[in-house]
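Q: Following this message is one structure expressed as C-alpha cells.
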Amino acid sequence: MGKFVQLVVDGLSTGSVYGALALAIVLVNQATGLINFAQGGMAVLAAYVTWWLTNHSVPLILAILISIALSFVFGAVVERWLMRRFERGDPDTAVVVTIGLLTLITGFCGWLWTYNNQQFPSLFPLRTVSFLGVSISIRSIGTTVVIVVAMILLQALFVRTKLGLALRAVAINPQSAAFSGLPVGRLLMVGWGLAAALGAVAAALVAPQLTLTPGMLDNALVYALAAVILGGLTSPVGVVVAAWIIGILENLAAVYVSFIGFDLKVAVPFILIFVVLIVRPQGLFGRKSVVRV
Amino acid sequence: MAPGMTSPASPVWQRPWARWAGWLLLVVVLAVVPLVMTEFANETLARIGVYAVAVLGLNVVMGYAGQVSLGQIFFLGLGAYITAYGVQEEWNIVLVFVLACLIPAVVGLLVALAAARLGGLAIAMVTIALPIVGVPLAKRLSDFTGGSQGMSARFADAPEGSGLFDDQWVLYVVLIIGGIVFLLTRNLVRGKYGRAFAIVKGNENVASSMGISPYRYKVLAFTIASLIGGVSGFLYMAVIQYTSPETMSFGHSIQLVAAMVIGGAASIVGSLLGGAYYVLVPQLTNLVDPSLTALLQGALLLVVLFVLPGGLVSLPRALTRGRRRSRAGRGPVAPPTTPSTTTGSGTAAEEPETERQGHA
C-alpha cells in the first residue's frame, strides 16, 4: 500500500511537469493554431540559464525568477521575429520551423555547455516525510504544488484580467479582434512569452531529477503532446488532468504490469490515447469544433 | 500565374518531343552515372535514393492528402527489419521484397483505420506513437530483431559475371526500384486520386459534399505512404546493410518531416530534394565542425524556410519572380502573384502551379 501511494504521488509530480509543458503547448496552439515542438527546447534553454546563474553564485530562487523573465522575453522575440512570418502560411511549414528551432536550441546548448549531464540544484530538500505510515518525497509534493499554483495564476490571468480577455479574443478570432482595435501582434507575443515562462518553471522543477542535458525534455514533450490530445486542445483543465492520469498510470503500469516494465512504459499514454480517441475523437474534455462550409 | 505557358508560342522545352527527349536523356544519364563515379559518390547517391523514397511516401500522406504523419520512419524501420529477417532466414529475395512492402502496408492500414477517424492534429499524435513505441518494442522483441544490437544482412552484392562493383550494383537496384516507385506515385497523384487527396486536404466538408469520402481517402493515402515506407526500408537494407532500433527513432522521424517540407510539400521533385537534404546536410555540417552539427542543421533549416517557405522546389519560381519584379520595377507586377508574395507562403496560390508545369 505504501509503495502504491508513493508511486501515485511521484506520478502526480512528473504528471505536473508534463502538464505545465502541455499547458504551454495549448497556450500557443490556442493563439496561433500550431504545435510548438520547440516548447521543451526553450524550457531547457531556460534551465541552462538558471544553472549558469547559480554557478555564478546567484541564489537559486532568484536565478529561476530571472530565467522565467528571460524566457518570457525570448518567447515573445521568437514569435515576433521568427514565427510571425509563417503564421498565415501553410501550417506544416510552421510546425517544421518549430522543429528547426528545437534542433537549433539543442545544438546551441550542446555547443555552449556540452552534451554531458550537469547537476542542477534542487529547489526542495531531498528528504521524505512520513504521513500515515507512508513515506512521500517532499520534492514530489513541492513540484505538484508549485505547478498547481502556477496554473491557478494563469487561469486567473485569463479569466479575471483585461489582458486575459484580449488574449482569449485573439485566440478565438484574430481578425475580429484586430477589427475591434486589439493589438493582435503584441498579444500573440505575450501568449508565446507566457508559454515560454511556464515552460521555464517546469524545466526548473524537473531538472534536478533528470539532470540537465540538451535533450532533457524531449521525452517530456512527447508526454505533453499526449496529454494535449488526451485532454482535448480546447480545455486547459482537461489537459492538466490528462497529464496527471498519464504520469500516474505509467508509473503504476511500469511496476505492476510485468510485460510493460520500464522500457515499454512510454507506450502507456499512447495506448490510452488510442482507446480514448476512438471513443471520443475530441479528447476527454474537449469540445467538438464545428466548421462552416 | 504563368501566362506564357498556355500561349501558342510555347518554348522548345515544353513541346512533347522535347519532354520525351528529356526523359530519355535522364534515363541514359542515370544508367551511366553509377559506372563513372567514385565509390563514395555512388554510396551517397544510393542513400539519397533511399530517403527520397521515404520522403515521397510521407509526401503522399502529408503533402498531398494533408494529414500530418510523424511516424513515417517507423515504416522504413519495419521494412528494414522484415528484409533483414527474411535474408537471415534465407528466403527468396523477391518474396522478401513483397513482404517488406505488404506488411508495412497492412500495419499502416490498421493504424489508419483508427487514426483517420480523427481530424488534424490527433492524427499527428497517433502517428507520433509509432516511432516512440517502435523503438522499445524492437529492443524487446530481440528474438526477431536482435535487440539493441540490431541486425545486419547482405543480399545486394553484384552477381558474378556482371562485371560490376557492389556499390554500382546497389545503386542500380536503388535507381530501378526507386524510379518505379516515383513513376507510379507521380501517376497516382496526377490522376483521380491526386485530385481527391487535394480536396480532402483543402476542405473535408467540401470533399464529402462532392461524394469523396475523406475517411476512405485518408486511409488510402496513409496505406500507400506505409507501403512506400516499406519499400524504402528494403532499399535501406540493400544500401546500409544494417538496422537497429535507432533507425526508427523519433528524432529521425521529425527530420524526415523537415526534409519533406524543405524539399517542397506536394511535389515529386521536392521529394528528391528532400532526400538529398536529409543525407547531404549532416555530411556537410559534420565536415564544417562536428560539435556544431545540430546548431548548423537547425540554423540552415530556418534560413531555407525563411527564404523559401515553399521549399527548395520553389527556388526557380522565386528567382523568376524576383527577376520579373526587378524588371518591372515597383510598377504593376502580374496581379495573381502578389498575394503569394505578400503572405510568403506555399499554399493555394503556389501548388496548382507545380501541377500545371507538369501537365503542360
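The values are calculated or read from the model by the stated rules, or taken from the named source; none is laboratory data. All of these numbers come straight from a predicted model, not from anything done at the bench. Glycine gets a Cβ as well: all are built from the backbone with ideal geometry, and neighbour counts include every protein chain shown.
Q: Go through (1) in contact with a helix residue (DSSP H, G or I) (Cβ under 9 Å, 6 or more places away or on another chain); (2) within 14 Å of another protein chain (Cβ to nearest Cβ); (3) modelled with pLDDT of 50 or more for B:Thr347 and report which single condition fails.
A: Going through the list (1) in contact with a helix residue (DSSP H, G or I) (Cβ under 9 Å, 6 or more places away or on another chain); (2) within 14 Å of another protein chain (Cβ to nearest Cβ); (3) modelled with pLDDT of 50 or more, B:Thr347 breaks only (3).
Q: Hey, could you check the stretch A:102-151 for residues that are over 30 Å from B:Pro309 (Cα atoms) and aromatic (Phe, Trp, Tyr) and say which is farthest from the other protein chains (Cβ to nearest Cβ)?
A: Only one residue fits best here, namely A:Phe131.
Q: Let me ask something else about it. Restricting attention to the stretch A:56-72, does a residue exist that is under 13 Å from A:Trp192 (Cβ atoms) and surrounded by fewer than 24 Cβ atoms within 10 Å (Cβ to Cβ)?
A: Yes, that holds for at least one residue.
Q: Taking the stated definitions as given, is B:Ala115 within 14 Å of chain A (Cβ to nearest Cβ) and under 26 Å from B:Phe250 (Cβ atoms)?
A: Against the criterion (within 14 Å of chain A (Cβ to nearest Cβ) and under 26 Å from B:Phe250 (Cβ atoms)), B:Ala115 qualifies.
Q: Hey, could you check the stretch A:208-230 for residues that are facing chain B (nearest Cβ under 9 Å) and over 23 Å from A:Trp51 (Cβ atoms) and say which is surrounded by the fewest Cβ atoms within 10 Å (Cβ to Cβ)?
A: It comes out as A:Val222.
Conditions tested, residue by residue: (1) assigned to a helix (DSSP H, G or I); (2) closer than 21 Å to B:Ala46 by Cβ; (3) away from chain A (no Cβ under 14 Å).
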| position | (1), (2), (3) |
| --- | --- |
| B:Ser226 | yes, no, yes |
| B:Gly229 | yes, yes, yes |
| B:Gly233 | yes, yes, yes |
| B:Met237 | yes, yes, yes |
| B:Thr247 | yes, yes, yes |
| B:Gly251 | yes, no, no |
| B:Ile254 | yes, no, no |
| B:Val261 | yes, no, no |
| B:Gly270 | yes, yes, no |
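Q: Let me ask another. Suppose we keep only residues that are within 14 Å of another protein chain (Cβ to nearest Cβ) and of a type in the set (A, V, I, L, M, F, W, C) within the stretch B:61-91. Which one would you say is nearest to B:Ala138 (Cα to Cα)?
A: Only one residue tops the list, namely B:Phe74.
Q: Which pairs turn up if I take residues in the stretch A:242-269 that are closer than 13 Å to A:Val8 by Cα and look for partners that are β-branched (Val, Ile, Thr) with beta carbon separation below 7 Å, at least 6 apart in sequence or on another chain?
A: That search, which allows pairs on different chains as well, returns A:Gly247/A:Thr14; A:Ile248/A:Val8; A:Leu249/A:Val268; A:Glu250/A:Val268; A:Ala253/A:Ile260; A:Ala253/A:Val268; A:Ala254/A:Ile260.
Q: Also: Take the residues in the stretch B:118-149 that are closer than 17 Å to B:Val60 by Cβ and out of contact with any Phe, Trp or Tyr (no Cβ under 7 Å at 6 or more places or on another chain), then tell me which one is nearest to the other protein chains (Cβ to nearest Cβ).
A: For the stretch B:118-149, the residue satisfying everything is B:Ala124.
Q: Would you check if there is a residue in the stretch A:169-192 being assigned to a helix (DSSP H, G or I) and within 13 Å of the chain's Cα centre (by Cα)?
A: yes
Q: Identify the single condition in (1) in a helix (DSSP H, G or I); (2) surrounded by 18 or more Cβ atoms within 10 Å (Cβ to Cβ); (3) at the interface with another protein chain (Cβ under 10 Å from one of its Cβ atoms) that A:Ile271 does not satisfy, given that it satisfies every other one.
A: Of (1) in a helix (DSSP H, G or I); (2) surrounded by 18 or more Cβ atoms within 10 Å (Cβ to Cβ); (3) at the interface with another protein chain (Cβ under 10 Å from one of its Cβ atoms), only one is false for A:Ile271: (2).
Q: Considering only residues that are small (Gly, Ala, Ser) and under 9 Å from the mean Cα position of the chain (by Cα), which ones fall in the stretch A:17-35?
A: A:Gly19, A:Ala20, A:Ala22, A:Ala24
Q: Taking the stretch B:275-300 on its own, how many of its residues are out of contact with any Phe, Trp or Tyr (no Cβ under 8 Å at 6 or more places or on another chain) and within 17 Å of B:Ile73 (Cβ to Cβ)?
A: Number of matching residues: 4.
Q: On to the next question. Here are the criteria: (1) surrounded by 21 or more Cβ atoms within 10 Å (Cβ to Cβ); (2) assigned to a helix (DSSP H, G or I). Tell me which single one A:Phe4 does not satisfy.
A: (1)
Q: Going by the conditions given, is B:Ala299 of a type in the set (A, V, I, L, M), facing chain A (nearest Cβ under 10 Å), crowded, with 20+ Cβ neighbours inside 10 Å and in contact with a helix residue (DSSP H, G or I) (Cβ under 6 Å, 6 or more places away or on another chain)?
A: No, not satisfied.
Q: Sticking with this one: Going through A:Ile64, A:Ile99, A:Ile68 one at a time, which residue ends up being touching a residue at least 24 places away in the same chain (Cβ under 8 Å) and facing chain B (nearest Cβ under 7 Å)?
A: Of the residues listed, the single one that is touching a residue at least 24 places away in the same chain (Cβ under 8 Å) and facing chain B (nearest Cβ under 7 Å) is A:Ile99.
Q: Still on this model: Does B:Val170 meet the test of being closer than 17 Å to B:Gly233 by Cβ and crowded, with 22+ Cβ neighbours inside 10 Å?
A: yes
Q: Looking only at residues in the stretch B:302-320 that are in contact with a Ser or Thr (Cβ under 7 Å, 6 or more places away or on another chain) and part of a helix (DSSP H, G or I), which one is farthest from the other protein chains (Cβ to nearest Cβ)?
A: Once the filter is applied, the top-ranked residue is B:Val313.
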